[in-house]
Amino acid sequence: RAARLGKQHGTLLVVASLIDKPTNLGLCRTCEIFGASGLVLDSLHHLNDKHFQSLSVSSELWLPLFEPVELTDFLQVKKSEGYCIVGVEQTANSQSLQDFKFPEKTLLLLNEREGIPANLLQMLDVCVEIPQQGIIRSLNVHVSAALLIWEYT
């Protein structure tokens, strides 16, 4: 039996519209389990993908999903609504996840492969990085997302 977390659904909005691999979009399940307020995808067509369905195990039925027309406009609107835009990125000014305190209204911007594009990087309020010990300097995006979502929760 799963233990219940004390926190009700927060105002954590997870933006995965820069992710296109259905296997990484299995983070829909992670978002639902830990009470994210919503998940933003690049396309709601992923819901029909068999890989997505096998990983999400119906979590998409219980989690609000969004498909913005233009990501920069969407981020700007959320910023004006008081969201803190957080990116998972290793930069000169990144804050360590272990020291970072998430604001209640947090938008988590995720990306796979090359990192967050420059035009979106400048829109971030903060970059958070996950302390690592190994030689490899990047985690799978779903793993990174899970760690930050857990810390938020």
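The values are calculated or read from the model by the stated rules, or taken from the named source; none is laboratory data. Just so we're clear, the structure is a prediction, and the values are computed from it rather than from any experiment. For neighbour counting, all protein chains shown are included, and Cβ atoms are generated from backbone atoms with ideal geometry for every residue, glycine included. Surface areas here come from the heavy atoms of the whole protein model, side chains and all, with no ligands, DNA or RNA. Shrake-Rupley method; radii C 1.70, N 1.55, O 1.52, S 1.80 Å.
Share of the stretch 12-152's accessible area from carbon and sulfur, percent, 1.4 Å?
Whole-percent figure for carbon plus sulfur exposure: 53.
Under 10 Å, Cα contacts only: if you run a Gaussian network model on the chain, which one of Asp125, Asp42, Asp99 comes out with the highest mean-square fluctuation?
In this elastic network of the chain, the residue with the biggest mean-square fluctuation among Asp125, Asp42, Asp99 is Asp99.
Pairs of Cα atoms under 8 Å, at least six residues apart: use those to get the relative contact order of the stretch 6-98, whole percent.
Relative contact order of the stretch 6-98: 27 percent.
List the lysines whose Cα sits under 23 Å from the Cα of Lys50, skipping any in the same chain fewer than 8 residues away.
Filter leaves Lys21.
At 222 nm, what helix-only mean residue ellipticity would the chain give, in deg cm²/dmol to the nearest 500, using -39500 (n - 2.57) for each DSSP H run of four or more?
-7000 deg cm²/dmol
Please pull out the direction-averaged projected area of the chain, using the convex hull of its alpha-carbon atoms, in nm² to one decimal place.
9.6
Would you mind putting 58-66, 105-113, 129-137, 18-26 in packing order, based on average other-beta-carbon counts within 10 Å, highest first?
Packing order, densest peptide first, comes out as 105-113, 18-26, 58-66, 129-137.
Per residue, how much accessible area does the stretch 12-152 have with a 1.4 Å probe, in Å²?
52
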